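Trainee: Here it is: the structure, laid out below.
The values are calculated or read from the model by the stated rules, or taken from the named source; none is laboratory data. Note that this is a predicted model, so its numbers are computed, not measured. Using ideal geometry, Cβ is built from the backbone for each residue, glycine included, and neighbour counts are taken over all protein chains shown. Heads up: the accessible areas ignore ligands, DNA and RNA and are worked out on the full protein's heavy atoms, side chains in. Shrake-Rupley method; radii C 1.70, N 1.55, O 1.52, S 1.80 Å.
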Amino acid sequence: MKPEFQLGQTIAGQYVVVEEIGRGGFGVVYLAVQESIQRYVAVKVLQPDIAAAMGSDLVEAFRREALHTSRLHNAHTITLYDYGETPDGILYLVTELLDGEPLRALLDREGALGIDLAVHILKQVAASLTEAHGIGLVHGDLTPDNIFLLEQPGNRHFVKVLDFGIAKVIGSAKMSGAGNPKYMAPEQFDGDPALLESD
């Protein structure tokens, strides 16, 4: 079973798919309309093989981390609206829809950043992490792909940190490929749980 939805299909009875907008190791992201309030949202559905690899503990771990993530309100952390499981067993997250690009795209296009811009971005990432770490929540997969840049008045590189806590849930199964080796902390290579310091 693949988490594939087509234009016009409805996810979880209320999110109508408009188009696919992203794809990664954990799943597929769709632009969708939340019918009840006519709001555009991003819906990420997780790969069923991840669920199969983790077994029955995944749904509870996913629910717990989603609840933790919903407590984050820092301006530099993506807002989680909803989460759940479809009738056919596909886990999903619903977040605010962002208009911008991942830090990865900026690095690919421009190469190494100047010190001022690098510090500007990292301060915003740190603000997001500070709130999360304050409630004991570890990101677990902080990479240029999970740091999203928006253009806002007075701030051309406004940061949103994505996928808070979810990589930690998936990585807890010690699956091969969980996390990006280029950015993993040493303890993660050893198979130990990610700590606050790991971020």
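Trainee: Just the residues that are assigned to a helix (DSSP H, G or I) and in contact (Cβ under 8 Å) with a residue 12 or more places away in the chain, please, taken from the stretch 131-167.
Mentor: GLU131, ALA132, HIS133, ILE166, ALA167
Trainee: Let me ask something else about it. Identify, please: which residue in the stretch 42-53 is part of a helix (DSSP H, G or I) and crowded, with 18+ Cβ neighbours inside 10 Å and is, among those, modelled with the lowest pLDDT?
Mentor: ALA51
Trainee: Right, another one. Which is assigned to a strand (DSSP E or B) and either without any contact (Cβ under 8 Å) to a residue 60 or more places away in the chain or open to solvent by 30 Å² or more (accessible area, probe 1.4 Å) (or both), of ASP82, ASP88, ASP108?
Mentor: Only one candidate qualifies: ASP82.
Trainee: Any residue in the stretch 171-186 that is charged (D, E, K, R), at pLDDT below 80, in a helix (DSSP H, G or I) and over 22 Å from LEU98 (Cα atoms)?
Mentor: There is no residue in the stretch 171-186 that is charged (D, E, K, R), at pLDDT below 80, in a helix (DSSP H, G or I) and over 22 Å from LEU98 (Cα atoms).
Trainee: Related question: Sort through LYS168, LYS160 and tell me the only one that's modelled with pLDDT under 95, among the basic types (Lys, Arg) and under 21 Å from THR79 (Cα atoms).
Mentor: On inspection, the qualifying residue turns out to be LYS168.
Trainee: For the stretch 111-129, how many residues meet the condition of being in contact (Cβ under 8 Å) with a residue 40 or more places away in the chain and not aliphatic (A, V, I, L, M)? Talk me through it step by step, then tell me what you get.
Mentor: Here is the first cut: in the stretch 111-129, the ones in contact (Cβ under 8 Å) with a residue 40 or more places away in the chain are 117, 124-125, 127-129.
Restricting the remaining residues to those that are not aliphatic (A, V, I, L, M) gives 124, 128.
Selection size over the stretch 111-129: 2.
Trainee: Something else now. How many of the residues in the stretch 36-47 are without any contact (Cβ under 8 Å) to a residue 24 or more places away in the chain and either closer than 9 Å to VAL16 by Cα or of a type in the set (S, T, N, Q) (or both)? Give the steps one after another, and end with the answer.
Mentor: Initial filter on the stretch 36-47 (without any contact (Cβ under 8 Å) to a residue 24 or more places away in the chain): 36-39.
Then keep just the ones that are either closer than 9 Å to VAL16 by Cα or of a type in the set (S, T, N, Q) (or both); that gives 36, 38.
Qualifying residue count for the region: 2.
Trainee: Just give me the residues in the stretch 91-102 being more than 14 Å from ARG39 (Cβ to Cβ) and either under 14 Å from the mean Cα position of the chain (by Cα) or part of a strand (DSSP E or B) (or both), in sequence order.
Mentor: Within the stretch 91-102, LEU91, TYR92, LEU93, GLY100, GLU101, PRO102 qualify.
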